[in-house]
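Taking it in order: structure first as structure tokens, then the write-up.
Just so it is clear, none of the values below were taken in a lab; they were calculated from the coordinates. This one's a predicted model, so the numbers in the text were calculated from it and none came from an experiment. FYI the Cβ positions are ideal-geometry reconstructions off the backbone, even for glycines, and counts take in every protein chain you see.
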Amino acid sequence: MFRVHKIRHQQKTKFEKMDNQKNEIVICLGSSCYTRGNRKNLETIKRFLKENGLKGKCAFTGKLCSENCGNGPVLEINGEKFTKVKPEELKGILQFKMKI
């Protein structure tokens, strides 16, 4: 089961002001998170954005390391950190956070 952590995300405010984007996804691409499941999560997110017409309307970026390796794979969605995210849980998390 994944865990949710509230975080303060200062860059989000700057980014939203610049690009007027509503949603932001940051995926950890560090070696630990990548091998623990973010390799599959990356493809799941890409597919989800495309299937729901959100490609280009959502900021989707990678981060070299979120410094939370023991709890990987790690994602941040709209300022919330999700840890231990399994690929089979991700679509539900995205639907909930993106209000789809």
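With θ taken as phi - 60° and the coefficients 6.51, -1.76 and 1.60, list the Karplus ³J(HN,Hα) couplings across segment 86-99 in order, rounded to whole Hz; mark glycine and proline as x.
8, x, 6, 8, 4, 4, x, 5, 4, 4, 5, 6, 8, 6
Taking the number of other C-beta atoms within 10 Å as the exposure measure, put CYS33, CYS58, CYS69 in order starting with the fewest.
Sorted ascending by nearby Cβ count, the order is CYS69, CYS58, CYS33.
Take LYS99 and SER31, extend 7 Å from each Cα along the Cα→Cβ direction, and tell me the distance between the two endpoints in nm.
Here the answer is 4.1 nm between the modelled labels.
Whose amide H sits under 5 Å from the amide H of GLY79, counting only residues 5 or more places off or on another chain, with H placed in the peptide plane?
The answer is none.
Between LYS46 and THR61, with labels modelled 7 Å along Cα→Cβ, what's the label distance in nm to one decimal, could you check?
According to this spin-label approximation, the distance is 2.0 nm.
Cα-Cα over 20 Å: which of LYS50/LYS91; LYS22/LYS99; LYS50/LYS84?
Too far apart for the 20 Å limit: LYS50/LYS84.
Determine ³J(HN,Hα), in whole Hz, for all residues of segment 52-64 in sequence, where each value follows from phi through the Karplus function 6.51 cos²θ - 1.76 cosθ + 1.60 and θ = phi - 60°; x replaces Gly and Pro.
For segment 52-64, the Karplus curve yields 9, x, 9, 5, x, 9, 10, 6, 10, 10, x, 10, 4 Hz.
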